[in-house]
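Structure, as structure tokens:
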Amino acid sequence: MANLRFGAFLAPHHPIGENPTLQFQSNLELVQLLDHLGYEEFWCGEHHSTGWEIIASPELFLAAAAERTQRIKLGTGVVSLPYHHPFMVAQRMVQLDHQSRGRVIFGSGPGALPSDAHTLGIDPMVLRDRQDEAMGIIRRLFTENERFSYDSEWFKLRDAKLQLKPLQDDMEFAVASIVSPSGMTLAGKHRAGVLSIGSLTQEGIRALPLQWSFAEESAAKHGNTVDRKDWRIVLNWHIAETRKEAREQAKHGLMRHNNEYTIGTLAGGVGTIYKTPDEAVDGVAFSELSTAVIGTPDDLVERIREMMEITGGFGCVIGFVHDWANRENTRRSWDMVARYVVPQVNGLLDDYFESHRFVTDNREYWNRAQQAIRSKIGENERAEAALAVDEAAGREERLTAR
């Protein structure tokens with residue numbers, strides 16, 4: 001598991017009720033914190049309905065985040081390509097790449113919410129084909145130096161060429177993947193990384209063992225290669241010092257998120273509605289069908305190891321940003337993952353532990369050093385007398401303590 005990257009994915013999922021202007025600022029403050037804590041990637045999505053997902057333009061949000069951060073990579077997670085002319089998407093991504101000094105990852109998807117596609121009058125049956133087509137055009141715009149024209153049933157290009165190329169020589173592409181092979185197939189075709197959101201559900205977890213093979217097969221078919229280091233697994237967690245504290249902090253927000261949004265909104269009422277907050281925690285984190293970690297850093301380390309075994313290996317762990325706990329405890333959770341989970345997973349403490357064992361297991365060497373000091377003291381009468389007084393005082397102190 002050495003050298004796993006860690007990041008965060010802000011869909012976002014925020015319960016309706018908070019001042020949206022302040023919510024945007026809170027989200028930006030979170031990116032700053034993640035950058036400070038050493039997280040390597042931050043992703044945010046594009047949504048236009050439901051009331052819970054308020055970022056309509058990931059590019060706008062990430063441009064603001066770029067001004068507040070120094071090193072964290074910024075990924076669009078994702079731009080819904082069928083909603084936009086590919087030339088305009090390419091232009092915005094190039095500008096963002098320059099404004100962030102080359103920290104952009106271009107993540108795309110077909111569009112997650114049927115309500116968004118309905119508003120735009122787009123048939124859901126064409127969304128994935130349009131994403132595929134748009135990715136190819138955007139790659140050409142990023143890399144080709146000659147002008148080209150293109151006719152599609154949903155957009156046209158005439159003598160197209162970007163007047164400014166990306167700052168990065170080879171901006172990374174990424175696609176979202178849930179359960180079906182379509183995302184992985186696109187990754188192989190377009191030499192893209194993968195953001196596996198399906199790992200948030202039991203159905204998605206069951207599909208994971210086969211997922212990477214779809215990317216490899218597609219890559220081979222199109223003369224490309226894919227690398228597991230570009231595979232990102234999204235996980236749900238809330239971490240505290242103890243499992244009891246984690247439960248108490250997360251349970252009310254978790255129940256609301258599940259009942260009102262995941263089941264009540266996205267699934268149209270089909271699924272498990274929890275009757276109590278404790279029942280929600282038990283169902284989501286402490287059952288055979290668990291899809292989240294609510295507990296300690298060690299619990300999350302165990303889950304990451306389990307996911308490595310299930311998938312066969314990946315390169316990045318992405319935490320799903322939610323409001324299960326209050327703001328203070330949510331930030332504390334991200335802090336604990338950075339302080340205790342990341343170093344344990346990546347072996348950053350192995351040499352410390354080895355050094356500690358070496359010192360404690362080789363006491364005869366250090367006793368010899370103490371003998372050398374005692375020998376030198378013995379060569380001086382006054383030092384010897386002072387040492388004898390100190391030793392006697394120590395014996396008396398120990399007897400008194402008894």
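Worth a mention:
- Here the simple spin-label model places points 7 Å from the Cα toward Cβ, and for ASP351 and ASP129 these points are separated by 5.6 nm.
- Gain on full extension, evaluated as 0.36 nm per residue between ASN362 and GLN95 minus their Cα-Cα distance, stands at 90.2 nm.
- Helix axis angle, 127-143 relative to the chain longest principal axis, alpha carbon, degrees: 80
- Highest-fluctuation residue, PRO20, PRO181, PRO110 considered, GNM on the chain with Cα pairs under 10 Å: PRO20
- Euclidean distance between Cα centres, segment 172-248 to segment 286-360, Å: 18
- Eigen-decomposition of the gyration tensor built on the alpha-carbon atoms of segment 222-372 gives equivalent ellipsoid semi-axes of 39, 23, 12 angstrom, largest listed first.
- As a size descriptor, the averaged projected area of the C-alpha convex hull of segment 162-282 was calculated at 11.1 nm².
- Calculated on C-alpha atoms, the gyration radius of segment 62-112 divided by its Kirkwood radius gives an Rg/Rh of 0.99.
- When the Gaussian network model of the chain links Cα atoms closer than 10 Å, the mean-square fluctuations of ASN329, ASN346, ASN362 top out at ASN362.
- Net charge, SER26 excluded, C-beta distance under 11 Å - Lys, Arg +1, Asp, Glu -1: -1
- DSSP bridge pairs, the chain: antiparallel proportion in percent, nearest 5: 10
- When the Cα positions of THR265, SER218, ILE373 are compared along the charge dipole of the chain, SER218 comes out farthest toward the positive end, with charges on each C-beta of Lys, Arg, Asp and Glu.
- The mean sequence separation of alpha-carbon pairs under 8 Å and at least six residues apart, normalised by the residue count of the chain, gives a relative contact order of 16 percent.
- In the chain, helical runs assigned H by DSSP with n ≥ 4 each contribute -39500 (n - 2.57); averaged across all residues and rounded to the nearest 500, the mean residue ellipticity at 222 nm is -15500 deg cm²/dmol.
- Where chymotrypsin sites (Phe, Trp or Tyr not before Pro) fall in DSSP loop in segment 137-228, at most 15 other Cβ within 10 Å: TRP154
- Remark: spin-label model distance ILE373-HIS118 equals 7.7 nm, labels positioned 7 Å along the Cα→Cβ axis.
- Between LYS221 and LEU266, residue separation times 0.36 nm minus the direct Cα-Cα distance comes to 12.7 nm.
- With 10 Å bins from 0: P(r) over the chain, alpha-carbon pairs, percent: 4, 19, 28, 21, 9, 6, 5, 4, 2, 1, 0
- Springs between Cα atoms under 10 Å define the GNM used for the chain, and in it the highest mean-square fluctuation of ARG103, ARG191, ARG68 occurs at ARG68.
- A viscosity of 1.306 mPa s and a temperature of 10 °C, combined with the Kirkwood radius over Cα pairs in Stokes-Einstein, give a translational diffusion coefficient for segment 258-306 of 134 µm²/s.
- Fully extending the segment from LEU210 to THR276 would add 20.2 nm, taking 0.36 nm per residue of separation and subtracting the current Cα-Cα distance.
Coordinate-derived values only; no laboratory data. Model, not experiment: these values are computed from the prediction. Heads up, the Cβs are rebuilt from the backbone with ideal geometry, glycines too, and the neighbour counts pull from every protein chain shown.
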